[in-house]
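Colleague: The structure follows.
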Amino acid sequence: MKTVLLSTSSLWNSGDDYIRQGIMNLCNFKEEIRIIWWNRGYGISNSYANDLSINLPLIDYFIVAGTPEWVNKNIHIYKYCLKHNIPFSLIGVGTDSYVKENMKLLKKLASSQLCEYALARDNYAYKAFKNIGFKNVDLSIDPAFYLNTIDTGDNKKYNILGWRKQFWSNYADYNLPFFIKNKKALINYTKSKVNDFLKVNKKKRKLYNQYLIDVFNSMSSPKIVTVHDNREIEEAENLFGKENVFYSSDPWQIYKLYSKASFYVGSRIHGAIPALLHGANIHLIYTSSKAQVVENSINILSKHEKDLKEYLNLTYFNPYEQNKIPQNSQEIDTNKLNRAIQKEMNQINSKLTRLEILSRMLK
């Protein structure tokens, strides 16, 4: 029996679970293929079922299955693939984090020709793949677009605000310990500069949170706030009221709520995508270019069906200006959206079936 090891993250936030399932829907493995997940999620230890020393000797193929951490967390697996000539693919990954720090290893991976396919979900990863020297590189939609829609049989629709803890740098607040410990990150920074930075950051977040409170207050009932990370629950409840905040450790309970969305506003990419799939008008509010993931996906889908660009409303929050309150005013043609997704899926599937090794494991 052939074994595929898929590197992903789980038990962190539900968006990663949606990405993972989307990749499974895209690949559609044969029943006789053994699938082993390796959880590279935040705080998850390399032990028990997640122990690489147990799993690596079993594998015939390796897939980096979505999510941003496609470099740093997988270093040991990449080295194993090089040593034992294990073929691999990167499917649905984004960002270019840690690429420069690991360029020597990544170039060695590219020159080994063990990588059959490098499929990016954003321009950062796509350009990084090209720069590293990987062959057979493509840019496609976020894998969460490949999720199946559900019908709960409940006609009740919600206005949903998706809140997340926003910051303007990788080293703010709960990441400060990393900033202090990482010597490279401390270059050119003094204690006073760090303190000044955190003060400004705190002020920006306060303005951002007040803006989302105003947005939520403007929504008609029934309405609710969702969070994807249990570390966000307490602060969200303090901001919006305990009775208004929904979270579940089961990502599909959150997905079920998104299937009932009429209007989604917020800063969770993988709240906006499930809501859009079920016909909700979406309005992403972001403080960084990470929202480009959805923008890129809609642009690609618009090549298959006209006018889909109108389905994405995107605001980059500016703490120094008056930000408008989003309005639910758009009709979403889910048939058109589904046709575009299916066409993109067929296009990627045709490329997967031409891969020499991975294709033998797919239906």
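Colleague: Tell me whether segment 3-139 comes out rounded, prolate or oblate; compute the Cα gyration tensor, take square roots of the eigenvalues as a ≥ b ≥ c, and use a/c under 1.5 as the rounded threshold.
Modeller: rounded
Colleague: A follow-up question, please. Pulled fully out, how much extra length does the chain show between SER220 and LYS156, if you take 0.36 nm times their separation in residues and subtract their Cα-Cα distance?
Modeller: Contour length minus the Cα-Cα distance gives 21.7 nm.
Colleague: Rounded, prolate or oblate: pick one for segment 226-330, where a ≥ b ≥ c are the square roots of the eigenvalues of its C-alpha gyration tensor, a/c under 1.5 means rounded, and failing that, prolate if a/b is larger than b/c, else oblate.
Modeller: Cα axes put segment 226-330 in the oblate bin.
Colleague: Further, regarding this structure: Output the pairs from LYS79/LYS100; LYS2/LYS343; LYS30/LYS336; LYS83/LYS108 with a Cα-Cα distance over 19 Å in this structure; if there are none, say none.
Modeller: The answer is LYS2/LYS343; LYS30/LYS336.
Colleague: Follow-up. Note down the nm distance, to one decimal, between modelled labels 7 Å out along Cα→Cβ at GLN327 and at GLU101.
Modeller: With each label placed 7 Å out from Cα toward Cβ, I get 4.6 nm.
Colleague: Taking 1 over the mean of 1/r across every pair of different Cα atoms in the chain, what Kirkwood radius in Å do you get?
Modeller: 21.7
Colleague: Would you calculate, for the chain, the mean residue ellipticity at 222 nm contributed by helices, counting each DSSP H stretch of 4 or more residues as -39,500 (n - 2.57) and dividing by all residues, to the nearest 500? Don't skip to the answer; put the middle values down first.
Modeller: Values: 12 runs with 136 residues, N = 363.
Here the helix-only value at 222 nm equals -11500 deg cm²/dmol.
Colleague: Still on this model: Which residue, TYR320, TYR264, TYR80, tops the fluctuation ranking in a GNM of the chain built on C-alpha contacts under 10 Å?
Modeller: Highest fluctuation among the options: TYR320.
Colleague: Still on this structure, I have one more. How far apart, in nm, are the 7 Å Cα→Cβ label points at LYS256 and ILE36?
Modeller: Modelled inter-label distance: 3.3 nm.
Colleague: In what sequence do SER14, SER111 fall when counting other Cβ within 10 Å, fewest first?
Modeller: Listing SER14, SER111 from fewest to most nearby Cβ atoms yields SER111, SER14.
Colleague: In the Gaussian network model of the chain, springs joining C-alpha atoms below 10 Å, which of HIS283, HIS304, HIS270 carries the largest mean-square fluctuation?
Modeller: HIS304
Colleague: A follow-up question, please. Taking the Cβ-Cβ separation of TYR316 and ILE357 as r and a Förster radius of 41 Å, what is the calculated FRET efficiency to the nearest 0.05?
Modeller: 0.50
Colleague: Among the listed pairs LYS203/LYS260; LYS242/LYS309; LYS202/LYS242, which are separated by more than 28 Å between their Cα atoms?
Modeller: LYS203/LYS260; LYS242/LYS309
Colleague: Ok, one more. To make sure I understand the rule: partners must be aspartates and glutamates, Cα under 12 Å from the Cα of LYS127, and not fewer than 8 residues away in the same chain. Which ones qualify?
Modeller: Output for LYS127: ASP96, ASP138.
Colleague: Taking the number of other C-beta atoms within 10 Å as the exposure measure, put THR95, THR149, THR3 in order starting with the fewest.
Modeller: Arranged by neighbour count, lowest to highest, THR95, THR149, THR3 become THR149, THR3, THR95.
Colleague: If you place +1 on the Cβ of every Lys and Arg and -1 on the Cβ of every Asp and Glu, how big does the dipole about the Cα centre of segment 1-137 come out, in debye to the nearest 20?
Modeller: Numbers: 16 positive and 11 negative charges, 111 e Å.
For this selection, approximately 540 debye.
Colleague: Further, regarding this structure: Please report CYS81, CYS115 as a ranked list, fewest other C-beta atoms within 10 angstrom at the top and most at the bottom. Present the calculation step by step, with values, prior to reporting the outcome.
Modeller: Details: CYS81 22, CYS115 25.
Ranking CYS81, CYS115 by Cβ neighbours within 10 Å, fewest first, gives CYS81, CYS115.
Colleague: Over the chain, what relative contact order in percent results from Cα pairs under 8 Å that are six or more residues apart?
Modeller: Answer for the chain is 17 percent.
Colleague: Please give me, ordered by residue number, the trypsin sites (Lys or Arg not before Pro) of segment 1-50 that lie in loop per DSSP and have at most 12 other Cβ atoms within 10 Å. Intermediate results must be reported in sequence, preceding the final value.
Modeller: Working: sites: LYS2, ARG20, LYS30, ARG34, ARG40; in loops: LYS2, LYS30, ARG40.
Hits after loop and neighbour filter: LYS30.
Each value in this text was obtained by applying a stated rule to the coordinates, not by laboratory testing. Computed from a predicted structure; not experimentally measured. Note: ideal-geometry Cβ built from the backbone for every residue, glycine included; neighbour counts use all protein chains shown.
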